[in-house]
Amino acid sequence: MNRFIGRTRRSWFGASLFAAVFLLGSLGAAQAAEEAALKPDAALTPVGSLEKALRPQGVPDNFVVTPNGYFDPSCVQVVREDEQLHQDGSIRRADGSLRKPALCSQSHFALDGTRIEPNGRVTFPAAPKPTINGWVIDTNYVSGTPIGRIVASWKVPSNPSSSGSQVIYFFPGLEQLPNVQSILQPVLGWNGYNDHAWTMASWNCCVSGTTYHSSPINVSVGDSITGDTYSNCSPGVSCSTWKIVSKDVTKGTSTTLTTNPYASLTWVFGGVLEAYGVSSCSQYPSNGSIAFSNIKVYDLNQVQVASPPWTKDYPVGSTSPQCNYGITATASTTNLVY
């Protein structure tokens, strides 16, 4: 055999073998990426990490805490920056192809422990425990016409004085009325990922029992942040594509969820404090208040609402602990005291 031909064949064989290995590796990487994309989100704070005496009865330990209650990890999905959530729960990739996470087959629990079955049947919890689980205080109003955007600014508060297993959330948001089908919310959370740290993510709940959120970003105490939730269509058009942008202005980072609102959004929230597993006032951020500022609400024609008629709301009621809760509000500000 000609030495040149032999060397060429060996080179061809080696190159072919390398190409095959590379292709298999690429396919393996693609498959791994696909499996990771379809994998449910178990990174959120598990119910089992909360003190047992400070959570509703009957919620399984493996469920995770979300801004929308307690969910089995299989019913929580991350939607990446270049993807879009459709009305049927499918997720469109940047290349136009679809991925469809497994349908949620598990019941979930509302903020107060109410059990909600996949078929919608509701089982109310036993008497509530003397602890905070759910919405504490907020400002809101009901609009007579569909809303097209809400944007607000606030700062990351201090860490809680008592750093236990509690989870704290702050956000503005939009919902439907009278039939609430989803809530669009850019969320600042403390210990949301079982990390005793501040993060931001954009959320939409709940399509067929599943709650969806964008990839979280890390934020720091004192950072200026914004939440911007808006229709992605032309003025005056009822839109099936919305963006929820959670941004750390100080760091220049952001995370976006592109989603379907499922119906016209008319219930407007200027600022909300939501908490889980709080049994003492020291488990809230130590500065004692949070101020949402430069709040702007727009209708579907992208005309700013001149003076949103905010109502001060105290869902916490008489639940313990009572932490001198208070609310002050103007057309463009909401200050929540705790």
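The values are calculated or read from the model by the stated rules, or taken from the named source; none is laboratory data. Predicted, not measured: the structure shown is a model, and the values here were computed from it. Using ideal geometry, Cβ is built from the backbone for each residue, glycine included, and neighbour counts are taken over all protein chains shown. We work out accessible area using only protein heavy atoms, side chains counted, and drop any ligands, DNA or RNA first. Shrake-Rupley method; radii C 1.70, N 1.55, O 1.52, S 1.80 Å.
What the table shows:
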read-out	value
Residues (assigned to a loop (DSSP other than H, G, I, E, B) and open to solvent by 40 Å² or more (accessible area, probe 1.4 Å)) located in the stretch 283-304	Ser286, Asn287, Asn301, Gln302, Val303
Some residue of the stretch 43-58 being at pLDDT 50 or above, closer than 30 Å to Thr256 by Cα and in contact with a Pro (Cβ under 7 Å, 6 or more places away or on another chain)	yes
Condition broken by Ser208, with the remaining ones in (1) loosely packed, with under 15 Cβ neighbours inside 10 Å; (2) in contact with a Pro (Cβ under 7 Å, 6 or more places away or on another chain) satisfied	(2)
In the stretch 139-169, the residues that are part of a loop (DSSP other than H, G, I, E, B) and of a type in the set (A, V, I, L, M)	Val156
Criterion: open to solvent by 30 Å² or more (accessible area, probe 1.4 Å) and modelled with pLDDT of 95 or more - qualifying residue of Ser220, Ser234	Ser220
Residue count, the stretch 249-282 (criterion: under 19 Å from Pro186 (Cβ atoms) and assigned to a loop (DSSP other than H, G, I, E, B))	9
Among residues of the stretch 249-273, those that are in contact (Cβ under 8 Å) with a residue 12 or more places away in the chain, surrounded by fewer than 20 Cβ atoms within 10 Å (Cβ to Cβ) and more than 16 Å from the chain's Cα centre (by Cα), counted	9
Tally of residues being assigned to a strand (DSSP E or B), open to solvent by less than 60 Å² (accessible area, probe 1.4 Å) and more than 22 Å from Trp190 (Cα to Cα) across the stretch 314-332	1
